[in-house]
Amino acid sequence: QVQLVESGGGLVQPGGSLRLSCTSSSSIFHIYTMGWYRQAPGEQRELVAAITSGGRTDYADSVKGQFTISRDNAKNTVYLQMNSLKPEDTAVYYCNAKNPVVTIYEYWGQGTQVTVSS
């Protein structure tokens with residue numbers, strides 16, 4: 001019922017930047033807590049950044065000052081601005097939506113590949 005579609009991934013050189021986008025089909029997007037997760041080969045999926053409906057943000061320590069999460073409720077879209085990229089940022093990045101009212105509902109996008117390599 002709720003679909004999340006990511007875009008913006010690709011190949012970038014170390015020190016470069018990318019902006020990921022995630023667009024939701026949900027009519028109640030504005031109440032969701034939105035997050036970006038990433039998963040590297042052989043590793044568990046980890047939270048990179050999250051943003052609440054009120055705009056409060058949370059970041060993994062490893063990306064503070066490097067990545068910025070934002071949302072545009074009018075466009076049903078959440079963004080992840082990724083600057084100063086390093087090879088260790090290489091992963092599949094996933095968009096996540098959580099309903100804070102009906103907490104059993106959680107949705108995932110299919111992921112977008114980010115590769116940082118020279």
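The values are calculated or read from the model by the stated rules, or taken from the named source; none is laboratory data. Everything numeric in this text was worked out from a predicted model, so none of it was measured. Here the Cβ positions follow ideal geometry from the backbone for every residue, glycine too, while neighbour counts run over all protein chains shown. Please note that ligands, DNA and RNA were not included when accessible areas were found on the heavy atoms of the full protein model with its side chains. Shrake-Rupley method; radii C 1.70, N 1.55, O 1.52, S 1.80 Å.
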Size of charge dipole - the chain - debye, nearest 20, with Cβ of Lys, Arg +1 and Asp, Glu -1, no other charges: 240
Set of aspartates and glutamates with alpha-carbon distance to Lys98 below 18 Å, sequence-local pairs under 8 removed: Glu6, Glu46, Asp58, Asp72, Glu106
Region 1-62 - percent of accessible surface contributed by carbon and sulfur, probe 1.4 Å: 45
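Relative to the compact globular guide of 2.2 N^0.38 Å, what is the alpha carbon radius of gyration of the chain, as a ratio? The partial results should precede the final answer.
On the way: Rg = 13.6 Å, N = 118, 2.2 N^0.38 = 13.5 Å.
Compactness ratio reported: 1.01.
Would you work out if region 30-71 is rounded, prolate or oblate? Take a ≥ b ≥ c from the square roots of the eigenvalues of the alpha-carbon gyration tensor; rounded if a/c is under 1.5, else prolate when a/b is larger than b/c, oblate otherwise. Mind showing how you got there, number by number?
Values: a/c = 3.13, a/b = 1.63, b/c = 1.92.
Taking the square roots of the gyration eigenvalues as a ≥ b ≥ c, region 30-71 is oblate.
Relative contact order for the chain: what percent, with Cα pairs under 8 Å and sequence separation of 6 or more?
36
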Leading residue at positive end of dipole, the chain (Cβ point charges), from His30, Tyr94, Gly65: His30
Proximal lysines relative to Lys86, as straight alpha-carbon distance under 16 Å, when same-chain residues fewer than 8 apart are discounted: Lys64
